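Single-structure report; data block below.
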Amino acid sequence: MPATGDGRAPGAADLLGALDGALSERARNRPASAEQSAGPATATPPIPHPRSDTSPGGTSPAVASAAPLKLLVIEDDASDAQLLKAAVADSGAPIEIHWARGLEQASELLAAGTSGNRRGRPRASRFSCVLLDLAAPADLPHPSDASDGLEGLHELLRRAPHTAVVVLTDAAGAELGAAAVAAGAQDFLIKHETDGPLLARALRYAVERKRADESQRRLVEAELRGQENARLQRHLLPTPLLDGAGLSFTRRYRPGRRRALLGGDFYDAVRTDDGTVHVVIGDVCGHGPDEAALGVALRIAWRTLVFAGLTGEALLTTLQHVLEHERRSDEIFATLCMLVIEPGGATGEPGSLGAVEHARLYLAGHPAPLLLGTDHKPVTLPADPAGPALGLLPCDDGQAVWPAHRIELRPGWRLLLYTDGLIEGRVGAGSRRLGQDGLADLVGDHQSAGLTRGRLIDSAIAEVEELNGGALTDDVAVLLLERNPVQLILG
């Protein structure tokens, strides 16, 4: 049904005209002293706020300039509607009243101001509050067989969920009014016991309660989204698959962005059926949500390629293709360190105590690991030969190559793999960075103090942050891989 030119549905104009006529007749019958004291209904000053600073007979500018509360009355009885409008006028509150005979007419008025915005979210209703007479017929298209007296309220809340609602009941319907509040209304009033000030106060309080309810609802939704995001991010962190490898694996992961559990750094470790152990740690440039998603994609792709039988340059070339297809711009790249520990040692038994093991180290623009020993200072493994970061150079024409560096792992070896967020922190107030040599000295000192595994990593990170003068702003991932006859995977 089309609306009239002033935004009211057909029939609303004549209803308001009837109300205005009733008010004019009421005004003519008033005593002259009352008219002089009250003045015209439109010029009556609003009820001042309790904390407003007003002088006797005056109105504070803030209250006088306040926008009127827009009220929609749903009432099928014209005489009751006249009484309500008269009560609003007598209250002196800045309330702009509209009248609808039933829910269908009210729905058209409510829908006139709730069209979607550019983001697809519904705009708030142009009415601050709806006053619904529960005795009015609900005029529902499909009335329910089970009647509880609140059918109209249920339908109104469905059609206008973000608008405050106050219901009217007769003197015997106090219990029904309480049930309406329990069903979602903000308040209820009893007909013929409601004067102007009480009506105005109930409407104002209802609007504020609805506003508080909406704020609480948004807060709960935000908390639920945060919890869901946290669960999702935790599940995106890998679980190393090292059954039978005889290795202890300790990791620490700290995203650089606040209130996040996942950053652009990634890591993983798996053991294939032939006994080979594959370990990777990488860093996507940047530390926002897009980089975090790309890091997860690269980690999953790396694990898939390892189990598919790829290794070395073939794996890194394929991984770069994945990066090129998944990144949001050509400037995004990722550094990576990959370690492949060959099965068997000097005794021919994987992980045997006293066995010398061999591994291949691949570096793609990433800092080399530290080799920790029990009788010497940590040593940074050679960074040459090394290849470029993934995504910097095309690999199809041979510009990007990642040669392997073979290393020998003596009995009792321990390897510390990390991302550059750990070594790019500042040292003191100047511009000097910690660097790889500084990290080796720091880890050596903590190792000499008898710290191992998780305590060693935690104390090292804590001192790096202390030297930096605060928390590190970049993502940090640290892995400590140790030969151990009993496999241990530590937090």
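Please report the antiparallel percentage of the DSSP beta bridges confined to the range 358-424, to the nearest 5.
Details: 9 of 10 bridges.
Percent antiparallel among DSSP bridges in the range 358-424 is about 90.
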Using the Karplus curve 6.51 cos²θ - 1.76 cosθ + 1.60 with θ = phi - 60°, what ³J(HN,Hα) values do you get for each residue of the range 91-104, in whole Hz, with x for Gly and Pro?
5, x, 7, x, 10, 9, 9, 10, 10, 9, 6, x, 5, 5
For the range 377-385, just list the computed ³J(HN,Hα) in residue order, Karplus coefficients 6.51, -1.76 and 1.60, θ = phi - 60°, integers in Hz, with x standing in for Gly and Pro.
5, x, 10, 7, 5, x, 8, 10, x
Once Lys and Arg get +1 and Asp and Glu get -1 on their Cβ, which of 399, 423, 443 lies farthest toward the positive end of the dipole of the range 380-490?
443
Scalar couplings 3J(HN,Hα) for the range 356-361 by Karplus 6.51 cos²θ - 1.76 cosθ + 1.60 (θ = phi - 60°), nearest whole Hz, x for Gly and Pro, are 8, 10, 10, 9, 10, 10
About its Cα centre, what dipole magnitude does the range 169-265 give when the only charges are +1 on Lys and Arg Cβ and -1 on Asp and Glu Cβ, stated in debye to the nearest 20?
880
Amide H of residue 418 versus every other amide H placed in the peptide plane: which residues, excluding those fewer than 5 positions away on the same chain, fall under 5 Å?
479
Could you work out the local net charge near residue 483, counting Lys and Arg as +1, Asp and Glu as -1, over the other residues with Cβ closer than 10 Å to its Cβ?
0
Nearby lysines by direct alpha-carbon distance to residue 210 (threshold 27 angstrom, same-chain neighbours under 8 apart not counted):
70, 85, 191
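Compute, for the range 65-110, the length of the dipole vector about the Cα centre, with Cβ point charges of +1 (Lys, Arg) and -1 (Asp, Glu) only. Units Debye, rounded to 20. Show your work: numbers first, answer last.
Numbers: 3 positive and 8 negative charges, 43 e Å.
Taking the Cα centre of the range 65-110 as origin, the dipole is about 200 debye.
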Cα gyration tensor shape of the range 364-485, rounded if a/c is under 1.5, else prolate or oblate by comparing a/b with b/c
oblate
Heavy-atom accessible area of residue 155 with all protein chains present, probe 1.4 Å, nearest 10 Å²?
30
Please give the charge dipole size of the range 284-435, origin at the Cα centre, charges +1 on K and R Cβ atoms and -1 on D and E Cβ atoms. Round to the nearest 20 debye.
560
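The values are calculated or read from the model by the stated rules, or taken from the named source; none is laboratory data. All figures in this text were calculated on a predicted structure; none of them were measured in a lab. As a convention, Cβ positions derive from the backbone with ideal geometry for all residues, glycine included, and neighbour counts pool all protein chains shown. Each accessible area value is taken on the protein alone, full model and side chains, heavy atoms only, with ligands, DNA and RNA left out. Shrake-Rupley method; radii C 1.70, N 1.55, O 1.52, S 1.80 Å.
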